[in-house]
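Have a look at the structure below before the remarks.
The values are calculated or read from the model by the stated rules, or taken from the named source; none is laboratory data. Small disclaimer: the values here were computed from a predicted structure and weren't measured. Quick reminder, even Gly has a Cβ in these numbers, built from the backbone with ideal geometry, and neighbours come from all protein chains shown. Accessible surface is based on the protein model in full, side chains and every heavy atom, while ligands, DNA and RNA are left aside. Shrake-Rupley method; radii C 1.70, N 1.55, O 1.52, S 1.80 Å.
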Amino acid sequence: MAKKVLIIGTGLGALSTALRLTTQGYTDITMVEKYHQPGGRLNRIESDGFTFDMGPSFFSMSYEFKELFDSCKMENPLVYQKLEPLYRVNFANGKTFNIYTDLDKLAAEFEAIEPNFKAKVEKYLLDAKNVFHDTEGIIVKQNFSSKAHYLLQLTRVPIKHLPHVFKSMWTELENSFESNEVKVIFSLVAFFLGATPFDTPAVYKLLTYTELQHDGYWSVKGGMYRIVEVIYEELIKRGVKFQFNTEINGCVEEGKKVVAFTDTKGNKYDADVFVVNADAASFRGRILNRKKYNEERLSQNGMDSCAIYRIPWC
Ligand SMILES: Cc1cc2nc3c(=O)[nH]c(=O)nc-3n(C[C@H](O)[C@H](O)[C@H](O)COP(=O)(O)OP(=O)(O)OC[C@H]3O[C@@H](n4cnc5c(N)ncnc54)[C@H](O)[C@@H]3O)c2cc1C
């Protein structure tokens with residue numbers, strides 16, 4: 001395949017996209033990255049002989065890595081470790097709770113503060129499970145190319161979940177538990193979305209199901225940065241070219257079509273296919289100069305988080 005590909009960024013999204021493109025036969029791929037090494041938010045610092053993961057400390061849905069490596073015909077050299085307890089929450093008042101996936105052990109943690117915890121959490125998780133499985137295929141894993149497509153898919157979600165879209169995660173927790181600590185702990189998943197439980201729709205309780213019951217949390221032996229290392233090494237073997245310390249800061253358009261990007265040193269990168277791994281809204285505003293994403297709106301609305309919803313017009 002003769003198509004020339006430029007990928008902007010080397011986060012996990014970009015690295016896995018490059019892996020998929022090489023598998024599909026693309027041979028001319030260049031990746032440009034403003035930082036000095038790959039990984040994006042999944043990164044690493046080394047100091048005084050010690051190594052520290054930056055950003056992610058665990059992941060869920062381990063089967064997604066299997067799917068990636070299998071479909072890209074690559075041995076998976078990573079060794080995963082399942083976490084139990086998942087994590088520990090320390091409150092400023094000195095109270096500490098271990099968060100177990102084993103509901104009996106979890107109930108023992110909250111025995112003194114939440115009467116009838118096990119029955120309550122089972123009810124909460126059953127509802128979260130239904131939300132997850134009723135939306136995973138039609139919403140969570142979909143890439144929406146238009147508003148019409150998004151709305152069409154929404155109509156396929158069972159109507160019983162509609163109230164979850166209109167109430168906040170915190171309201172849902174207030175209706176489900178009495179103890180403030182339990183509510184705070186189950187609301188932590190909202191921060192994964194870069195939001196708070198007060199402005200996150202209750203539908204995201206599905207994340208509590210993914211952590212406590214679905215596939216739990218996993219870490220990687222040798223540190224999370226091993227994920228980046230193994231994919232990066234494979235891409236080098238497959239002939240992908242990397243250019244670090246390179247920040248894209250402009251684009252060249254012909255009519256309404258972007259035909260090239262430029263970096264801060266004045267270099268120009270043309271290609272047949274462009275893949276942008278940078279935060280979606282800020283890239284649209286600052287590099288593609290789309291007025292809808294002006295500085296004022298970007299800073300007011302925290303629009304960078306639109307990237308997580310994978311909604312292109314957002
Ligand atoms: C503190 C923290 C903790 C987290 N913990 C977890 C966790 O425990 N588990 C989990 O699953 N997730 C966690 N996450 C989220 C996870 O890190 C991200 O979802 C994931 O790494 C994002 O990958 P990405 O490829 O989408 O984007 P990014 O990693 O953001 O990659 C984007 C890349 O594009 C580059 N770039 C941007 N603009 C330009 C430009 N103009 N020119 C050139 N390069 C550019 C950036 O430098 C970056 O390398 C955490 C995130 C943070 C910040």
- Per the 1/(1 + (r/R0)^6) rule, R0 = 41 Å and r from the Cβ atoms of H133 and E253, FRET efficiency to 0.05 is 0.45
- Query: Residues with amide H under 5 Å of M54's amide H, sequence separation 5 or more or different chain, H placed in the peptide plane at 1.01 Å from N; which?
  - Reply: N43, R44, I45
- Based on the Cβ-Cβ distance from F198 to D272, what FRET efficiency comes out when R0 is 41 Å, to the nearest 0.05? 0.35
- Any idea what the relative contact order of the chain is, in percent, if you count C-alpha pairs under 8 Å spaced at least 6 apart? 27
- For segment 77-122, what's the relative contact order in percent, using C-alpha pairs closer than 8 Å and at least 6 residues apart? 24
- Task: Determine, from the Cβ-Cβ distance of N294 and Q142 and an R0 of 35 Å, the FRET efficiency 1/(1 + (r/R0)^6), rounded to the nearest 0.05.
- Result: 0.80
- Query: Of K3/K237; K3/K34; K34/K265; K82/K105, which ones are farther than 21 Å apart at the Cα?
  - Reply: K3/K34
- Quick one: of the DSSP bridges fully inside the chain, what percent are antiparallel, nearest 5? 65
- Counting pairs of alpha carbon atoms under 8 Å apart in space and at least six apart in sequence, what relative contact order in percent does segment 75-157 give? 15
- Note on the structure: Rh_Kirkwood(the chain) over Cα pairs, Å, one decimal, evaluates to 21.9
- Task: With the full set of protein chains in place, find how many percent of the accessible area of the chain is carbon and sulfur; take the probe as 1.4 Å.
- Result: 53
- What are the semi-axes of the equivalent ellipsoid for segment 114-216, taken as the square roots of 5 times the Cα gyration tensor eigenvalues, largest first, in whole Å? 25, 14, 12
- Query: Roughly how many whole Å is it from the C-alpha centroid of segment 173-202 to that of segment 248-294?
  - Reply: 37
- Note on the structure: Expected unfolding gain across V89-L103 under the 0.36 nm per residue rule, minus the alpha-carbon gap, is 3.4 nm
- segment 133-278: proportion of alpha-carbon pairs further apart than 18 angstrom, %: 74
